[in-house]
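Enquirer: Take this structure first; my questions come after.
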Amino acid sequence: MKFLTITNAPTIKRGNKYSSYGPYVREMELWFDHVEQVAIASPTTYPEKILLSDFNTPIKLFKLPFFSFKNIWEICKSFLLLPIIFSQIFRSFIWADHVHIRCPGNVGLLACIVQIFFPGKPKSVKYAGNWDPKSKQPWSYNLQKWILGNSFLTRNIKVLVYGNWSNQGENIIPFFTASYSDSEKIEINKDFSPPYRFIFAGTLSQGKRPLMAVKIIHELLKDNFPVKLDIYGGGQEFEKMDTYITENNLTNSVILHGNRDSQILKEAYMNSHFSILPSISEGWPKALAEGMFFGCIPLASEVSCVSWMLGGESRGLLISKEEVIESEFTKETLKKIKDLLKDPVEMREKSLAATEWSQEYTLEKLEDGIKILLSNS
């Protein structure tokens, strides 16, 4: 089988190998293990620094110029590039036996349009964003979701989405992702005694609301709760958070670690009691699932499939959509956290429930799902 991936993630030449965003590379290698030839259609440059990992599989590359629609200049430039991009995507479709599209994204949108002209070609889509039909999304995301869910325009396809949503049509398949293998499962029995350690892992962007996480810890400290917060990741909010931490004398309680590799992050999960992610929008929040794998109680916003992941609140605590939109947590949410911190028995129960749930979703189970999907294509 000639397997094609079309993605916004850049494919960058380093020495004799191609590289891309680390977690994406690890997942795609699971797909590549079950096909004979691999090609990628993607940009070959990216304007921001990302953590790169090398592909182990030989790759045929269909090069796409990087494009965006962030300002007038970028929009004009992108429209001039569209004929080249569409031509390359058409060429890649013709080459492939199976096309795998990564959405949402600019490249994914164009691939969604091109696939309409290949109704007989077996296709799969990994929709990594929020599939909740009631959520507010950028117009381009909504367009991608509409095309993919339309069984007249989009045929011979399986669209893998996070969560189980009703009335979504025959194209849509609930799916998941994973970070750890069966061999990494360990027995979790955390000592829920102070100080209580929280962890935030992810991009420090406004949409992830990392400063809101810091403010929650600040409020707990004001009420003399012995808590600490370790923050892993980099991004545009880093300086704002650093300023807030310094101005409010939180340097001993809130630590900005920056980007760290997966092994350091894994050890941090093992040593933490809670993971916190008050994000505005998510697909499958890997940081939550990874923390839960090692017994971290999740404190997360009620978006996408998060409520399902947390079993309501049987495996963690939820922050309402309104709170994260306004970037202001309520007294009721703060009270929930305080009440839980006063109850070691309930903390232990939620931790064990979180671990039991997350350890069901391993790389081996993900690979089995991929094998089934490819064998039916």
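Enquirer: Between E346 and D261, what's the calculated FRET efficiency when r is the beta-carbon distance and R0 is 30 Å? Round to 0.05.
Expert: Plugging the Cβ-Cβ distance into 1/(1 + (r/R0)^6) gives 0.35.
Enquirer: On the protein heavy atoms, probe 1.4 angstrom, tell me the percent of accessible surface of the chain carried by carbon and sulfur. Present the calculation step by step, with values, prior to reporting the outcome.
Expert: Values: 9110 of 17520 Å².
About 52 percent, which is the carbon plus sulfur part of the accessible surface.
Enquirer: In addition: Counting other Cβ atoms within 10 Å, which GluC sites (Glu not before Pro) in segment 16-118 have at most 10 and lie in a DSSP loop? Walk me through the numbers on the way to the answer.
Expert: Numbers: sites: E27, E29, E36, E48, E74; in loops: E36, E48.
The qualifying sites are E36, E48.
Enquirer: I'd like to know which of S179, I372, Q115 lies farthest towards the positive end of the charge dipole of the chain, counting +1 on Cβ of Lys and Arg and -1 on Cβ of Asp and Glu.
Expert: Of S179, I372, Q115, it is Q115.
Enquirer: Could I have the simple spin-label model distance between L143 and D242, label points 7 Å from Cα toward Cβ, reported in nm to one decimal?
Expert: Modelled inter-label distance: 3.8 nm.
Enquirer: Add -39500 (n - 2.57) for each DSSP H run of 4 or more in the chain, then divide by its residues: what number comes out at 222 nm, to the nearest 500 deg cm²/dmol? Present the calculation step by step, with values, prior to reporting the outcome.
Expert: Values: 13 runs with 144 residues, N = 377.
Computed mean residue ellipticity for the chain: -11500 deg cm²/dmol.
Enquirer: Something else: Step through the residues of segment 59-75 one at a time and calculate ³J(HN,Hα) from phi using the Karplus curve (6.51 cos²θ - 1.76 cosθ + 1.60, θ = phi - 60°), rounding each to whole Hz and writing x for Gly and Pro.
Expert: 10, 8, 10, 9, 6, 10, x, 5, 8, 8, 10, 7, 8, 4, 4, 5, 5
Enquirer: Let me check against my output: what whole-number percent is the relative contact order of the chain, with C-alpha pairs under 8 Å and at least 6 apart?
Expert: Values: 691 pairs, mean separation 51.6, N = 377.
Averaging sequence separation for qualifying contacts and normalising by length gives 14 percent for the chain.
Enquirer: Let me ask you something else. At 0.36 nm per residue, minus the direct Cα-Cα distance, what do E187 and K331 gain on full extension? Give it in nm, one decimal, please. Walk me through the numbers on the way to the answer.
Expert: Details: separation 144, 0.36 × 144 = 51.84 nm, distance 3.48 nm.
Value of the extension gain: 48.4 nm.
Enquirer: Further question on the same structure: Measure nothing fancy, just the Cα-based angle from helix 331-341's long axis to the longest principal axis of the chain, in degrees from 0 to 90, nearest 10.
Expert: Value to nearest ten degrees: 70.
Enquirer: Between N150, N224, N56, where does the largest GNM mean-square fluctuation fall for the chain, given springs only between Cα atoms within less than 10 Å?
Expert: So, out of N150, N224, N56, the one fluctuating most is N224.
Enquirer: I would also like to ask the following. Placing unit charges on C-beta atoms (Lys and Arg positive, Asp and Glu negative, everything else neutral), compute the dipole magnitude of the chain about its Cα centre in debye, rounded to 20.
Expert: Values: 43 positive and 41 negative charges, 254 e Å.
Rounded to the nearest 20 debye, it is 1220 debye.
Enquirer: Gaussian network model of the chain, Cα springs within a sub-10 Å range: biggest mean-square fluctuation belongs to which of F152, F198, F32?
Expert: The residue with the greatest mean-square fluctuation here is F152.
Enquirer: Rounded, prolate or oblate: pick one for segment 176-231, where a ≥ b ≥ c are the square roots of the eigenvalues of its C-alpha gyration tensor, a/c under 1.5 means rounded, and failing that, prolate if a/b is larger than b/c, else oblate. Walk me through the numbers on the way to the answer.
Expert: Numbers: a/c = 4.11, a/b = 1.30, b/c = 3.17.
In terms of gyration-tensor shape, oblate.
Enquirer: Taking K222 as the anchor, which aspartates and glutamates have their alpha carbon closer than 17 Å to its alpha carbon, excluding any fewer than eight residues away along the same chain?
Expert: Output for K222: E247, E328, E332, D339.
Enquirer: Quick check: residue separation of M1 and C76 times 0.36 nm, minus the Cα distance between them. What number comes out in nm? Write out the running numbers ahead of the final one.
Expert: Details: separation 75, 0.36 × 75 = 27.00 nm, distance 3.80 nm.
Full-extension gain reported as 23.2 nm.
Enquirer: Sorted from largest to smallest, which semi-axis lengths in Å does the alpha carbon gyration tensor of segment 134-199 give for its equivalent ellipsoid, taking the root of 5 times each eigenvalue?
Expert: Working: eigenvalues 290, 60, 20 Å².
That gives 38, 17, 10 Å for the three semi-axes.
Enquirer: List the lysines whose alpha-carbon lies under 20 Å from that of K13, not counting same-chain residues fewer than 8 positions away?
Expert: Within the straight-line limit of under 20 Å, K13 reaches these lysines: K49, K60, K63.
Enquirer: Hey, can you find the accessible area per residue of the chain for me, probe 1.4 Å, expressed in square angstrom? Present the calculation step by step, with values, prior to reporting the outcome.
Expert: Details: 17520 Å² over 377 residues.
I get 46 Å² per residue for the chain.
Enquirer: Could you tell me how many degrees, from 0 to 90 and to the nearest 10, lie between the Cα long axis of helix 238-247 and the main elongation axis, the longest principal axis, of the Cα atoms of the chain?
Expert: The helix 238-247 is inclined about 10 degrees to the chain.
Enquirer: How would segment 237-329 be classified by its alpha-carbon gyration tensor: rounded, prolate or oblate, with rounded meaning a/c under 1.5 and the a/b versus b/c comparison settling the rest? Mind showing how you got there, number by number?
Expert: Working: a/c = 1.94, a/b = 1.21, b/c = 1.60.
Since a/c reaches 1.5 but b/c is at least a/b, the shape of segment 237-329 is classed as oblate.
Enquirer: Which of rounded, prolate, oblate describes segment 1-120, given a ≥ b ≥ c as roots of the alpha-carbon gyration tensor eigenvalues and a/c under 1.5 marking rounded, otherwise prolate only if a/b is larger than b/c?
Expert: Note, shape of segment 1-120 comes out oblate.
Enquirer: Dipole of segment 36-170, Cα-centred, from +1 at each Lys and Arg C-beta and -1 at each Asp and Glu C-beta, to the nearest 20 debye? Provide the component values of the computation, followed by the final result.
Expert: On the way: 15 positive and 7 negative charges, 35 e Å.
Magnitude of the dipole: close to 160 debye.
Enquirer: Next question, about the same structure. Of N164, T154, F192, which is farthest towards the positive pole of segment 148-194's charge dipole, taken about the Cα centre with +1 and -1 on the beta-carbons of Lys, Arg and Asp, Glu respectively?
Expert: T154
Enquirer: Enter the angle in degrees (range 0 to 90, nearest 10) between the Cα long axis of helix 344-358 and the first principal axis of the Cα atoms of the chain, meaning the one along which they spread out most.
Expert: 10
Enquirer: What size of dipole, in debye to the nearest 20, comes out for segment 21-99 about its Cα centre when the only charges are +1 on Lys and Arg C-beta atoms and -1 on Asp and Glu C-beta atoms?
Expert: On the way: 7 positive and 8 negative charges, 86 e Å.
In total the dipole reaches around 420 debye.
Enquirer: For the chain, modelled as a Gaussian network with Cα springs under 10 Å, which listed residue fluctuates most, Y141, Y361, Y46?
Expert: Highest fluctuation of the listed residues: Y46.
Enquirer: At most 11 other C-beta atoms within 10 Å and a DSSP loop state: those are the exposed trypsin sites (Lys or Arg not before Pro) I care about. Give me the longest piece of the chain that has none. Don't jump to the answer; show the numbers that get you there.
Expert: Values: sites that count: K49, K70, K134, K342.
Maximal segment without exposed cleavage sites: 135-341.
Enquirer: Can you list, bin by bin at 5 Å, the percent of alpha carbon pairs in segment 50-134, starting at 0?
Expert: P(r) for segment 50-134, in whole percents per bin: 3, 11, 19, 21, 21, 16, 8, 1, 0.
Enquirer: Could you work out how far the C-alpha centroid of segment 309-330 sits from that of segment 90-134, in angstrom?
Expert: Here the two parts' Cα centres lie 32 Å apart.
Enquirer: Compute the convex hull volume of the Cα atoms of the chain, divide it by the residue count, and report the result per residue in Å³ as a whole number. List each step's numbers first, then the result.
Expert: On the way: hull volume 53.6 nm³, N = 377.
Cα-based convex hull of the chain, divided per residue, equals 142 Å³.
Enquirer: For the pair N167/N224, report the inter-label distance in nm, with labels modelled 7 Å from Cα in the Cβ direction.
Expert: My value for the distance between the label points is 5.3 nm.
Enquirer: Quick check: residue separation of K60 and S307 times 0.36 nm, minus the Cα distance between them. What number comes out in nm? Provide the component values of the computation, followed by the final result.
Expert: On the way: separation 247, 0.36 × 247 = 88.92 nm, distance 4.01 nm.
Value of the extension gain: 84.9 nm.
The values are calculated or read from the model by the stated rules, or taken from the named source; none is laboratory data. Note that the coordinates shown come from a computational prediction; the quantities given were computed from them, not determined experimentally. As a convention, Cβ positions derive from the backbone with ideal geometry for all residues, glycine included, and neighbour counts pool all protein chains shown. All accessible areas refer to the heavy atoms of the entire protein, side chains included, with ligands and DNA or RNA removed. Shrake-Rupley method; radii C 1.70, N 1.55, O 1.52, S 1.80 Å.
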